[in-house]
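First the structure, in the form of structure tokens, and then the observations on it.
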Amino acid sequence: MQHRGFLLLTLLALLALTSAVAKKKDKVKKGGPGSECAEWAWGPCTPSSKDCGVGFREGTCGVQTQRIRCRVPCNWKKEFGADCKYKFENWGACDGGTGTKVRQGTLKKARYNAQCQETIRVTKPCTPKTKAKAKAKKGKGKD
């Protein structure tokens, strides 16, 4: 009988505790910054040092201003920004005249209301075929 009483008391205490935590979370959501404002305009993520890594993004909505932490990947493409996510096609054939390959990307997602181009073209230098063949021959010669 005492075990049931203890178990019932423990269960009631646990329910009261979870209820108090849930109410506290609701208050934070309702009273947090930006709760009155629906349309936040976010600026780009600005790294704290150099051109990549952890930084901050500022947002404004009416007279309210908010600053949140963000991260710029170190392999981001500066031409189209870290907040524009693209789906890229395969690389095209090497253009002998320019010595570059080209591929096109279509916008998949624009984060934080970033102004992104719908399609972009990126280039990279062609890899010389002679180097690839030389590496393959070296690998076969070691066996």
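The values are calculated or read from the model by the stated rules, or taken from the named source; none is laboratory data. Remember, it's a predicted structure, so these values are computed and weren't measured experimentally. Surface areas here come from the heavy atoms of the whole protein model, side chains and all, with no ligands, DNA or RNA. Shrake-Rupley method; radii C 1.70, N 1.55, O 1.52, S 1.80 Å.
Of the heavy-atom accessible surface of segment 75-129 (probe 1.4 angstrom), what whole percent is carbon and sulfur?
Ligands and nucleic acids excluded, carbon and sulfur reach 47 percent.
Give the relative contact order (percent, whole number) for segment 75-129; include only Cα pairs under 8 Å separated by 6+ residues.
34
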